[in-house]
1. Binning at 10 angstrom from zero up to the longest distance, how are the C-alpha pair distances of the stretch 564-675 distributed in percent?
2. Any chance you could tell me what percent of the C-alpha pair distances in the stretch 176-271 go past 20 Å?
3. Once you have the Cα-Cα distance between Ala185 and Val482, take 0.36 nm times their residue separation minus that, and quote the gain in nm to one decimal.
4. Just to check I understand the Karplus step: with θ = phi - 60° and J = 6.51 cos²θ - 1.76 cosθ + 1.60, what whole-Hz values come out for the stretch 167-181, glycine and proline as x?
5. Helix 605-624 versus the longest principal axis of the chain: what angle, 0 to 90°, nearest 10, using Cα atoms?
6. Could you list the square roots of 5 times each eigenvalue of the Cα gyration tensor of the stretch 192-329, that is, the equivalent ellipsoid semi-axes, sorted largest first and rounded to whole Å?
7. In what order, largest first, do Glu530, Glu578, Glu254, Glu218 sit by accessible area if the probe radius is 1.4 Å?
8. Tell me, what is the 1.4 Å probe accessible area of Trp70, in Å² to the nearest 10?
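The values are calculated or read from the model by the stated rules, or taken from the named source; none is laboratory data. Note that this is a predicted model, so its numbers are computed, not measured. Every residue, glycine among them, receives a Cβ derived from its backbone with ideal geometry; neighbour counts consider all protein chains shown. Ligands, DNA and RNA are stripped out before the accessible areas are found, and what is left, the full protein with its side chains, is counted by its heavy atoms. Shrake-Rupley method; radii C 1.70, N 1.55, O 1.52, S 1.80 Å.
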Amino acid sequence: MNFLDLIWLIPLFPLAGAAVQLAIGRRLPKSAISFISPGAVGISLLMSIGAVVQLAGLERRSHEVRLFEWLPLIKADMGFLLDPLSSVMILVVSGVGFIIHVYATGYMAHEHGPNHGGFYRFFGYMNLFVFFMLMLVLANNYALLFVGWEGVGLCSYLLIGFYFHKKSAGDAGNKAFIVNRIGDAGFILGMFMLFQLTGSLRFVDVNEVLRSGRFAVELGTFGALSLCALCLFIGATGKSAQIPLFVWLPDAMEGPTPVSALIHAATMVTAGVYMVARSNALYALTPETSHVVAAVGAATAILAASIGLVQNDIKRVLAYSTVSQLGYMFLAAGVGAYWVAIFHLYTHAFFKALLFLGAGSVIHALGGEQDMRKMGGIKDKVPVTFRTMFVASLAIAGIPGLAGFFSKDEILWQAWSSPLGSKALWMVGFATAAMTAFYMWRLMFMTFYGTPRMDEHTLHHVHESPKSMTVPLVILAAGSVVAGWIGMPKVFGENGFMQALEHWRAPVFAQGHAAAHEAASHAHHDTTMEWVLMGLSIGVALGGIFIAKALFFGGGNIELRTGGPLYPVLLNKWYVDEIYNFLFVKGLTINGGGAMARFDANVVDGGVNGTAWMTRMVSRISMWYDTWIVDGLVNLSAFTVRALSFPVRFFQTGYLQTYALVFVMGILAIFGYYWSR
């Protein structure tokens, strides 16, 4: 079977699953839905594997399928592109997505409602989510990518607000939807600017124009290309939860835990990183915008990590961890190491999905409890969950041999050594690594170690999750161990596999300004410095773990152990939500809306009403003048003429007999006169 020519079918299987479940799911038993939903994603995974294997056998390692012309005005096809970048993405989306779907069949098994309404609706939305994400990463042009981009935004709204009877869930869904619309406005502007500059939205055409030498590198200036790249990055800050649009992602925890895993590990939040990496030819020409990308990524990484230090909701700790790790990815992209950003996206998918699903297993075992202050001492009661989360926590902390170590260490090295990097960026990444190790092992010690802090009834019913939930945990734990070895740092020595990996990624990242930077970096590779920095990052990770152990291993008074003057600031998330609420919700929307309403009523409507009053006043004066002056003069003239004509009218009656009488009387008068003489 030629999988490459059928890549357009990969997204359609989850779409078909969503259509079946949302149309007739009410009439299907739960067992059928539990088969259809993971099965649809599983078929996409198998086709993705087949397509990637066939792609590896091609010399160009790029295959495009163009079904038909879709938007001729902007030269956008209904087309699909499989290359090294989209290959990684479809394997992550379909592979990790499939595991999460299988896990969800156990996690949501007790979802109830009329005709198990919540169950079929949940899996219908999940399948739809995967469909849109696969469309996003397989699209061969920005317009079709934007369809998937908006689709995952819609599905995030539906899944975050899945428990719509809870106001907090509805508010969180609205928040995610509205904040992402701000970013999407930037994406649309950037997309149409790119079309104006290059004459196409097709990736192959855009890259060809940008790499043709037609545009000079905007070094030290901020021109049209830089503005275009910045607008696209604004879109990425919304989707991938970066400063200033990161506030929606922690609230996304209101959805069921599998939703959190799907959004944070495999789908929506990785879309922004993918889009920036896909646009690497543009960012290679705009180093000023790349500095912005790196700075925002670094700032987001350390800000979110600092908030994660003190959060008590187990899912919220992981949410801020995701925001922080996404900042790491943008840090890598900003210094020109696009493939390293995608490498961390790939490794992060395994251990972050495992952490969220493990947290879901803990919540399941504790009857819905999410507050870590009410956990502790359960590692022997949930052994599979504990051991797999142990592995994931080591991986995200950057302990050597596990997936997170390879990708995180490579990001730190690129931040240090890249021509677009700096020592300041490395320091921020280094501090973030220390915080990451601390907050993850604070989570582990508070959750699994020490004295149980839950009530007796909950403690009595603590139990391991079913195999439908634990088997996915074991698979993801294996991925968290081995996934990073494909990107082993060059400091360990060159080998055939590493050279093959360099050759594999070449069609996407081997050309352009950023590639020249990377080549220069490798040409002047400082092995000693890389070993030193690697040792420092390992040391700070171990230090974070040991500090967390010293504070939280024994349980005790958790509140006292997390005190300090900065504690309330971090607990309240640097008051970012409160600031946004004051400036935008109350300030701009409520107070600003009230001010605009008053301006409209008093100024706009006042002007209109004043104009109407003036018109009526002028018309009254005009009517008075017309009645008494103009008509008065006319009437006076008529009266004068009538008065002067009265004697004439007395004689000029028009009657013949009157005229004859006057004539006779006149004759008699004359005769009388002469007679008297």
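1. 11, 12, 12, 10, 9, 8, 8, 7, 6, 5, 4, 3, 2, 1, 0
2. Working: 2162 of 4560 pairs.
The proportion of pairs with Cα distances above 20 Å equals 47 percent.
3. Stretched fully, the Ala185-Val482 segment lengthens by 103.0 nm.
4. So the Karplus estimates, Gly and Pro as x, are 4, 4, 5, x, 5, 5, x, 4, 4, 4, 5, 5, 4, 5, 5 Hz.
5. The angle comes out near 0 degrees.
6. 33, 16, 10
7. From most accessible down to least: Glu578, Glu254, Glu218, Glu530.
8. Its accessible surface works out to 80 Å², give or take rounding.
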